[in-house]
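Asks: Mind looking over this structure? Questions follow.
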Amino acid sequence: MKSPNITGLEFFKKSSEILEKVREITKKTDQYFDALSFVAFASKFVFLLIFSSSISANSLSEEIVFSKIKLKQATVSYTSAMQGCFENVRKIKVSDLDLGKVEVEEAVIAVNYFHYVALNECMKSDYVTFLKAAEYYRKTSNSADIGARDFVLDTWTEELRAEYEFRQLPSQTQNHFLKMEILRAPFDVVSLVIELRGE
């Protein structure tokens, strides 16, 4: 049976790259915001609309500014969700899995699948919000795709690929892991797989 690629680190790397692109996109808008003395977010936006002529001189239309604001908001929310759903998660030890006669690579396949199920469920609303904002910005500004769509879709399809691998396991192995509540919430899959494989 083919051993799956554990993409927890790759997930973090790709996510970080996309967030960095978003920060570059919103940098100019942030500079306008930083130049203002208003504290309230709404006041900043109203100010930008009132003085849109000066923004237009810098190739920023009202709608592009708005799309950048939505992208910035979505990014802040997404980053916060990443911390709770991926970075600051529980560590599960091999002893918690009560493996018995379950083979190591079967366990790796199982925890990879449950990792994606838990991660995608935890990130679901933020994926949608982030994807919506990124696509809106892309269409409004006629800019190149920042990769948000492919990243989110890859994460969703990776869960299905992992499910397919999981469904190839013996039924008793599947049932063993399906009964484990500890795998229902996000967990540190990388450290678990390293321990499983004795790396």
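Read the figures in this text as sums done on the coordinates, not as results from a lab. Every value quoted in this text rests on a predicted model; they were computed, and no experiment measured them. Every residue, glycine as well, gets a Cβ built from its backbone with ideal geometry; the counts of neighbours run over all protein chains shown.
Asks: For region 181-194, what are the residues that are buried (at least 16 other Cβ atoms within 10 Å of the Cβ) and closer than 18 Å to residue 100 by Cα?
Replies: Correct list: 183, 192, 193.
Asks: When you check residue 197 against the structure, is it touching a residue at least 60 places away in the same chain (Cβ under 8 Å) and either under 30 Å from residue 63 (Cα atoms) or among the basic types (Lys, Arg) (or both), yes or no?
Replies: Judged against the criteria, residue 197 is a match.
Asks: For region 166-180, check the following and say yes or no: at least one residue is crowded, with 18+ Cβ neighbours inside 10 Å, within 30 Å of residue 61 (Cα to Cα) and in contact with a Leu (Cβ under 7 Å, 6 or more places away or on another chain).
Replies: no
Asks: Something else now. For the structure I just gave you, tell me whether residue 112 is on the phi > 0 side of the Ramachandran plot and either without any contact (Cβ under 8 Å) to a residue 12 or more places away in the chain or under 21 Å from the mean Cα position of the chain (by Cα) (or both).
Replies: Here the answer is no, as residue 112 does not meet what is asked.
Asks: Also: Please count how many residues of region 119-144 are surrounded by fewer than 20 Cβ atoms within 10 Å (Cβ to Cβ) and not hydroxyl-bearing (Ser, Thr, Tyr).
Replies: Final tally of qualifying residues: 12.
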